[in-house]
Amino acid sequence: MAMPAIEPRVWTAADVQALPDDSAHRSECVDGVLLVSPTPSLAHQLAVTELWRALDQIVRPHGLGAAVVAPSEWVLDARTLVQPDVYVIPLVDGRRPRTDAERGHPLLFVEILSPSTARTDRVVKRERYQRAGIEYWIVDLDSRLIERWMPGDERPTIHDEQLVWQPAGAPTPFDIALAPFFDAVLGPG
C-alpha cells in the first residue's frame with residue numbers, strides 16, 4: 001500500500017504573525033515557505049547600525065524618506081512577510097510615515113549576510129524582492145562588499161570601494177564610501 005503524498009504547508013503572513021514570540025529566532029515567510037533564522041551576531045548588528053546611520057544621513061536631511069531597522073515586518077503579499085535588516089521608505093506628504101499602511105513602495109531593502117541566511121538572502125529573498133520591484137543590497141561582511149540588485153537584473157553590480165545611490169526623488173546621486181563602513185564594523189581591513 002502506497003503512502004499518501006504529504007503536501008508541504010503553505011505559510012501566510014498571518015500564520016507567521018500568530019507564532020509565539022521567540023527572541024532567539026526571526027520568523028518570516030516567502031511565497032508560502034517558512035524561514036526561521038537565529039538571532040544575529042554582534043558583527044551583523046553593528047553592520048545594521050552603521051548602514052542605517054549612513055542611509056539615514058542621506059535620506060533625512062534631503063527630505064527623501066526614512067531609514068528603518070529590523071525587527072520590522074513588511075508584508076509583500078498574503079504569503080510573504082519579511083523583515084529586511086535595513087530598509088528605506090519614502091516620506092508621505094513631506095513627513096515620515098506613521099503606520100505600516102502609509103509606508104508606500106520601499107526605496108531600498110538591505111540584508112546583511114550571515115552563514116545561516118546566505119542562501120535565503122541571495123536567492124529566495126532576492127528573487128522575491130526583484131519581483132516586487134524593490135532595489136536590494138546584500139552586504140557581505142566576509143568579502144567587504146555590497147551586491148546591488150535592481151528589479152530587472154540578472155546579475156548584481158559589485159561594490160567594494162563606493163556605491164553610488166540615487167533614490168527616487170533625489171536630484172543628484174549620493175556616493176557612499178564603503179571602506180569607512182566596513183572598517184567601523186570589522187576594524188581596518
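Just a few scattered comments:
Rundown of residues vs (1) without any contact (Cβ under 8 Å) to a residue 12 or more places away in the chain; (2) crowded, with 17+ Cβ neighbours inside 10 Å; (3) of a type in the set (Ser, Thr, Tyr); (4) not in a strand (DSSP E or B), yes/no style:
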| position | (1), (2), (3), (4) |
| --- | --- |
| Gln45 | yes, no, no, yes |
| Trp52 | no, yes, no, yes |
| Asp56 | yes, yes, no, yes |
| Ala67 | no, yes, no, no |
| Ser72 | no, no, yes, yes |
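- Within segment 171-188, being surrounded by 11 or more Cβ atoms within 10 Å (Cβ to Cβ) and closer than 18 Å to Leu113 by Cα holds for Leu178, Ala179, Phe181, Phe182, Asp183, Ala184, Val185, Leu186.
- Contacts under 7 angstrom Cβ, first residue in segment 78-106 being β-branched (Val, Ile, Thr), partner surrounded by 14 or more Cβ atoms within 10 Å (Cβ to Cβ) and assigned to a loop (DSSP other than H, G, I, E, B), 6 or more apart: Thr80/Asp31; Val88/Pro106; Val88/Leu107; Val88/Pro167; Ile89/Pro97; Ile89/Arg103; Ile89/Pro106; Ile89/Leu107
- Search result, residues across segment 133-151 that are on the phi < 0 side of the Ramachandran plot, surrounded by 17 or more Cβ atoms within 10 Å (Cβ to Cβ), outside any strand (DSSP E or B) and more than 13 Å from the chain's Cα centre (by Cα): Leu141
- Among residues of segment 152-170, those that are assigned to a strand (DSSP E or B) and surrounded by fewer than 18 Cβ atoms within 10 Å (Cβ to Cβ), counted: 5
Only the coordinates and a few stated rules stand behind these numbers; no lab work does. Everything numeric here is computed off the predicted structure, so don't read it as measured data. We place every Cβ from the backbone using ideal geometry, glycine too, and count neighbours over all the protein chains shown.
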